There are 4 protein chains.
Amino acid sequence: MLNRVILIGRLTRDPELRYTPSGVAVTQFTLAVDRNFTSQQGQREADFIPIVTWRQLAETCANYLRKGRLTAVEGRIQVRSYDNNEGRRVYVTEVVADNVRFLESNRSEGGGSYGGQGDGYSRSEGQRAGNNDDPFSDDGRPIDISDDDLPF
Amino acid sequence: MLNRVILIGRLTRDPELRYTPSGVAVTQFTLAVDRNFTSQQGQREADFIPIVTWRQLAETCANYLRKGRLTAVEGRIQVRSYDNNEGRRVYVTEVVADNVRFLESNRSEGGGSYGGQGDGYSRSEGQRAGNNDDPFSDDGRPIDISDDDLPF
Amino acid sequence: MLNRVILIGRLTRDPELRYTPSGVAVTQFTLAVDRNFTSQQGQREADFIPIVTWRQLAETCANYLRKGRLTAVEGRIQVRSYDNNEGRRVYVTEVVADNVRFLESNRSEGGGSYGGQGDGYSRSEGQRAGNNDDPFSDDGRPIDISDDDLPF
Amino acid sequence: MLNRVILIGRLTRDPELRYTPSGVAVTQFTLAVDRNFTSQQGQREADFIPIVTWRQLAETCANYLRKGRLTAVEGRIQVRSYDNNEGRRVYVTEVVADNVRFLESNRSEGGGSYGGQGDGYSRSEGQRAGNNDDPFSDDGRPIDISDDDLPF
DNA sequence: TTTT
DNA sequence: TTTT
């Protein structure tokens, strides 16, 4: 019905750009989102949240995001499951981003940003809408390849 | 940069569907969003928030929403200003919706919904992206007509 | 930094209320959130998202929510990990709710709701802030018991 | 019912800290939130959104925010109305913030932040909950003073 | 396995 | 009245 997530955090590593067998760009990275409190022991804590972006947005993220960069992500929670090679069902929870804002740019030019929108490329979800020869089903997973082919 | 609003409330009246001079559908309604507290005097309080939807989503809202219906709205805050007929600058704040969920349907079938997405029509914003002979500028206001022509 | 989630969906089962060894109420349930699209094969799809609530909000949820009820949840994504009894690290992703709205009530009275706020009980997170003899650390996990004691 | 706003933008001026007659801190500022598109004429556009913060959060904002700083704001839309000195009803729409993140700090120390939570001070809304000798009603407006006394 |  |  309604599924919206907004996060601000820092990349734990450089993003990873891969391509599905049918040639669609997918970028994966993890966002470290500091919690607003410290544990009893006073140590800083964070949630490490896996992010996935597709298509044009994937390529822009791969080009501009780097480890440590402060970044805002807007998207939806997706829960996937697959059976691993031990025959056990594994659940994967990740945020499928449709809007990413670069809050720090390379040379600390301050607040550079990109939204996947308004520059010829719409939000990744909107973009798919008008794209009929689409190798992906609407949930962002390839339809012509098995789960084992998924790039992450 | 990032501008996201999510509301759940009830329509104060039936929605109003109009068309711009260039024929684009616009629907306007007001959402009464109860506050989570009651004032000192114990009376129920609400914020009355004006909502605007465009194009396909406007037509769907006009068809299915009615006064009193519980409704979820996702969108962005827009602040417009114009000079009124007394020469004074007037500011209008409204939520431009790109996703509307009908939480009550006609016959209390319970939780019917519509998202402007996944049924052939993308989110209203995404939809505009691939629509080049668009009579509107990207802020959802007509570009070939004056403010006085705006349907609200 | 910032971590906000808003979901609307239906409970897959009745909620489960438990108590930690130190007596703190915890309620767990799963929300089925329909996706805005259908897969290639046309079948309805949903994300099944685990929700956790604490304290007063946990008790209210246990009292009023039931399987199938349309519900709005506001909270944050939490990623926990623990080592299972095979010595393997297991990651658990869930939404820690601080605001829950009941969009359907028992007798279809229509749009009953509860926010954990404004009725003597604040949001669950805010509430903890002023509660110093608190058996929990601020991340909602018991500080005087091991992970094995966690009620889920 | 549910009313949530998340914004990222820049302050158009230094924030203004005032006190109500009963001594409660209130800080007001405007956030310029760039739109994700440019108008037909290619000029950059933004929404200028008035923000209000109360109490401890108001004082922290006044201390640390400055004109031009990139800032994330979480809160709710509030619509107030009052009769101006010409006897006309005026509507004011603003975002009452309960969480503010400083995405740029003074010396570009990179991503300093403050959440009104977890450092001894809870969210401004949560904080009010346990504060009974409160000169304000729960909507953040003074109850013992008239609208004319409002600090903005 | 994690970021500042 | 507006920010980078």
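Which is near DNA strand F (Cβ under 10 Å from one of its atoms) and either touching a residue at least 40 places away in the same chain (Cβ under 8 Å) or among the β-branched types (Val, Ile, Thr) (or both), of D:Arg69, D:Arg35?
Details: D:Arg35 fails: either touching a residue at least 40 places away in the same chain (Cβ under 8 Å) or among the β-branched types (Val, Ile, Thr) (or both).
The unique qualifying residue is D:Arg69.
Looking across segment B:48-87, the residues that are charged (D, E, K, R) and within 14 Å of chain C (Cβ to nearest Cβ) come down to B:Arg66, B:Lys67, B:Arg69, B:Glu74. Screening B:Val26, B:Val90 for residues that are over 14 Å from the mean Cα position of the chain (by Cα), part of a strand (DSSP E or B), aliphatic (A, V, I, L, M) and more than 30 Å from A:Ile8 (Cβ to Cβ) leaves exactly one candidate, B:Val90. Taken together, the criteria exclude C:Thr53 from residues that are at pLDDT 95 or above and part of a helix (DSSP H, G or I). Per the conditions (1) at positive phi; (2) touching a helix residue (DSSP H, G or I) at 6+ places or on another chain (Cβ under 8 Å), the sole criterion not satisfied by A:Gly87 is (2).
So which residues in segment A:24-40 are hydrophobic (A, V, I, L, M, F, W, C), more than 10 Å from DNA strand E (Cβ to nearest atom) and more than 7 Å from every other protein chain (Cβ to nearest Cβ), if there are any at all? Explain how you work it out, then say what you get.
Let us first name the residues in segment A:24-40 that are hydrophobic (A, V, I, L, M, F, W, C), namely A:24-26, A:29, A:31-33, A:37.
Applying the additional criterion that residues be more than 10 Å from DNA strand E (Cβ to nearest atom) yields A:24-26, A:37.
Passing the criteria: A:Val24, A:Ala25, A:Val26.
The set of residues in segment B:4-23 being within 14 Å of chain C (Cβ to nearest Cβ) and either within 12 Å of the chain's Cα centre (by Cα) or within 27 Å of D:Val33 (Cβ to Cβ) (or both) consists of B:Arg4, B:Val5, B:Ile6, B:Leu7, B:Ile8, B:Gly9, B:Leu11. Pairs under 8 Å by beta carbon, first residue more than 13 Å from D:Val79 (Cα to Cα) in segment B:42-57, partner of a type in the set (A, V, I, L, M) and in a loop (DSSP other than H, G, I, E, B), six or more apart or different chains? Sorted first by the residue in segment B:42-57, then by its partner, the pairs are B:Trp54/B:Val24; B:Arg55/B:Val24. The residues in segment D:8-30 that are of a type in the set (Ser, Thr, Tyr), touching a helix residue (DSSP H, G or I) at 6+ places or on another chain (Cβ under 8 Å) and surrounded by fewer than 19 Cβ atoms within 10 Å (Cβ to Cβ) can be counted, and the count is 1. Exactly one residue among B:Arg4, B:Arg76 is within 16 Å of DNA strand F (Cβ to nearest atom) and surrounded by 15 or more Cβ atoms within 10 Å (Cβ to Cβ), and that residue is B:Arg76.
Looking at A:Gly9, is it away from DNA strand E (no atom under 11 Å from the Cβ), of a type in the set (Gly, Ala, Ser) and at pLDDT 95 or above? In short, no.
The values are calculated or read from the model by the stated rules, or taken from the named source; none is laboratory data. The structure presented is a predicted model; accordingly, all values stated were derived computationally and were not measured. With ideal geometry, Cβ positions are generated from the backbone for all residues, glycine too; neighbour counts draw on all protein chains shown.
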